[in-house]
Amino acid sequence: MEEKIWLSSPHMGGGEQKYVQEAFDTNWVAPLGPNVNGFEKDLEEYIRENSSVACLVSGTSALHLALILSGVGYNDEVLCQSITFSASANPIVYQGAKPVFIDSEKETWNMCPEFLEEAIKDRIAKGKKPKAIILVHLYGMPAKMDEIVSIAHKYDVKLIEDAAEALGSSYKGQKCGTFGDFGILSFNGNKIITTSGGGALVCNTEEEKKKAVFLATQARDNAPHYQHSHIGYNYRMSNITAGIGRGQMEVLDKHIGYRRANNDFYKEVFKDVEGVDVFTEPSSDYYSNHWLSSILVDPIRTGFSREDLRLSMLEDNIESRPLWKPMHMQPVFKDCLYYGSNVSEKLFDDGLCLPSGSNLTQGDKERIKLSIQKLLKK
Ligand SMILES: *Cc1c(COP(=O)(O)O)cnc(C)c1O
C-alpha cells in the first residue's frame, strides 16, 4: 500500500526549532516569555495595524474568552453559523448560554445575512435580543462581511469572527478576523499554520487584550499573595509553543500559495466533469487561503455520490472528508433553535473536502488525480 495522503497535515518550515531551542537555552519554558510576545507581534503586524492579539492554548479557549468579554452569560442567546466545527458552538454552552443556529448562503457557504436578520428580528420580538453573533469563514472562504457587519451594527449585537480556518484570507483587502468586536485564530495540527495546538484572540484594543490575558492566567489580582475577584482560566499559550508559531509565520504566505495552487489543481482535474463544482471565490472581493479545497458532487448529474468518491479514494489510501455536519443536525444540539432552510443540509449531503496540505508533492497530486479519474471512468 502506498503512503497515506492526508487531508491536511502539519508542514514545518525549518525555522521553528531555532525559536524552540532559544526558549530552552534561556530557560523560558513557561506560559509567558519572549516567544509569546514575539508571536503576538508577528500576528498583529500580519493581520492588521493597531490590532492586539493574545496567544492562548487553543482557538476554542479564544472563543470562550471572546464570549466572556462580549458579556455573554447564563441564559443569553448567541447566534452561530450552523455549518461549522463544533468548537464554534461549544463555548456558548460553557457560558450557560444558548446557541441559536443560522443557515448558510450558497456563495460562500457562510452565515446567510437574510436568515441572520430574520433571526435577530424574531428573537427581539420574543423579548430575547441575542447577545452575540459567531460567524465562521469556512475552509478559509470569507463570509459576506459588508452585509453581516452592517446587520451587527444595525441591531447593536457583538460580532465574533471565528477565523480559525481563515488566517491570511481577506475580504475587500481586509484580513479575516479583524472585522468584528473579536476574532479568533487556531493553530491546531491541521490548520494552515500549526503550533501543535494553540490559538489566539484578536482584539481591537490593548485594554481588551489585557483583560483576556488576565482571565487566561487565573485572574490574579494585583497583590503579593494570590488574591482573586474573578473566576480565571488556564488558557495562556506557552513560550515553547509560541516558538513553533514564530517559525511558522515565516512560511505562512508561502503555505497559502501552495494551498491556493491545490485549488487550481482541483479546478483543472474537474474542469470537464458535469455535476462537480470546485468551491471557489464568488468574486475578486474575496481572497481565500483555501485551507481546504472542497467540491460539491451532484449525484444525479455525475452518477456517483460524494460518499462513493470518498470511499473510492480511501481504497487508494487517500483521505477526504464530508463537510462539517451542521450543528442543528447534531444530537447534542437537537433542542436548539434554527433559522434557515436546507442550504447547509444540502452542502453536507453533497460536499467533500479533498487533500489540501501545503506539503502535497507533485507525486501526491498525480495519485489523487488518477484516483479521481478511476471513479470518473466507471
Ligand atoms: C479548528 C477550529 C476551531 C477550534 O480551534 P482549536 O484550536 O482546535 O481549539 C474553531 N472553529 C473552527 C471553525 C475550527 O475549524
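Data table
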item: Condition check for residue 197: surrounded by fewer than 22 Cβ atoms within 10 Å (Cβ to Cβ), within 16 Å of the ligand (Cβ to nearest atom) and modelled with pLDDT under 95; result: no
item: Out of 118, 114, sole residue that is at negative phi, free of Cβ contacts under 8 Å to residues at least 24 places away in the same chain and in the same structural domain as residue 206 (by TED's automatic domain parsing); result: 114
item: First in the range 208-227 and within 21 Å of residue 70 (Cβ to Cβ), second anywhere and of a type in the set (Val, Ile, Thr) and loosely packed, with under 10 Cβ neighbours inside 10 Å, Cβ under 8 Å, 6 or more apart; result: 219/231
item: The range 44-61 residues that are free of Cβ contacts under 8 Å to residues at least 40 places away in the same chain, paired with ones that are within 16 Å of the ligand (Cβ to nearest atom) and not in a loop (DSSP other than H, G, I, E, B) (beta carbon under 8 Å, 6 or more apart); result: 44/53
item: Among (1) over 20 Å from the mean Cα position of the chain (by Cα); (2) assigned to a loop (DSSP other than H, G, I, E, B), the one test that residue 143 misses; result: (1)
item: Selection count where residues are open to solvent by 30 Å² or more (accessible area, probe 1.4 Å) and under 24 Å from the mean Cα position of the chain (by Cα), scope the range 11-44; result: 8
item: Residues (touching a Pro at 6+ places or on another chain (Cβ under 9 Å) and open to solvent by 10 Å² or more (accessible area, probe 1.4 Å)) located in the range 110-138; result: 123, 124
item: Odd one out for residue 222 among (1) surrounded by fewer than 24 Cβ atoms within 10 Å (Cβ to Cβ); (2) under 25 Å from residue 131 (Cβ atoms); result: (2)
item: Residue in the range 70-94 that is nearest to residue 35 (Cα to Cα), counting only those that are away from the ligand (no atom under 13 Å from the Cβ) and surrounded by 20 or more Cβ atoms within 10 Å (Cβ to Cβ); result: 70
item: Condition met for residue 207 (away from the ligand (no atom under 16 Å from the Cβ), within 16 Å of residue 81 (Cα to Cα) and either among the charged types (D, E, K, R) or in a loop (DSSP other than H, G, I, E, B) (or both)); result: no
item: Only listed residue being of a type in the set (Lys, Arg), within 23 Å of residue 165 (Cα to Cα), within 16 Å of the ligand (Cβ to nearest atom) and in contact with a Leu (Cβ under 8 Å, 6 or more places away or on another chain), chosen from 310, 321, 306; result: 321
item: Some residue of the range 320-343 being out of contact with any Gly (no Cβ under 8 Å at 6 or more places or on another chain) and over 18 Å from residue 103 (Cα atoms); result: yes
item: Total residues in the range 92-136, condition of a type in the set (Gly, Ala, Ser) and within 25 Å of residue 277 (Cβ to Cβ); result: 1
item: Residue in the range 2-11 that is among the aromatic types (Phe, Trp, Tyr), closer than 30 Å to residue 366 by Cα and part of a loop (DSSP other than H, G, I, E, B) present; result: yes
item: Boolean, residue 189 is within 15 Å of the ligand (Cβ to nearest atom), assigned to a loop (DSSP other than H, G, I, E, B) and open to solvent by 10 Å² or more (accessible area, probe 1.4 Å); result: yes
item: Condition check for residue 378: at pLDDT below 95 and either under 18 Å from the mean Cα position of the chain (by Cα) or closer than 18 Å to residue 307 by Cβ (or both); result: yes
item: Residue list for the range 171-186, restricted to those being part of a strand (DSSP E or B) and within 12 Å of the ligand (Cβ to nearest atom); result: 183, 184, 185, 186
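The values are calculated or read from the model by the stated rules, or taken from the named source; none is laboratory data. It should be emphasised that the depicted structure is a prediction, and the values quoted were computed from it without experimental measurement. Virtual Cβ from ideal backbone geometry, glycine too; neighbours counted across all protein chains shown. For accessibility, only protein heavy atoms count, side chains too; no ligands or nucleic acids. Shrake-Rupley method; radii C 1.70, N 1.55, O 1.52, S 1.80 Å.
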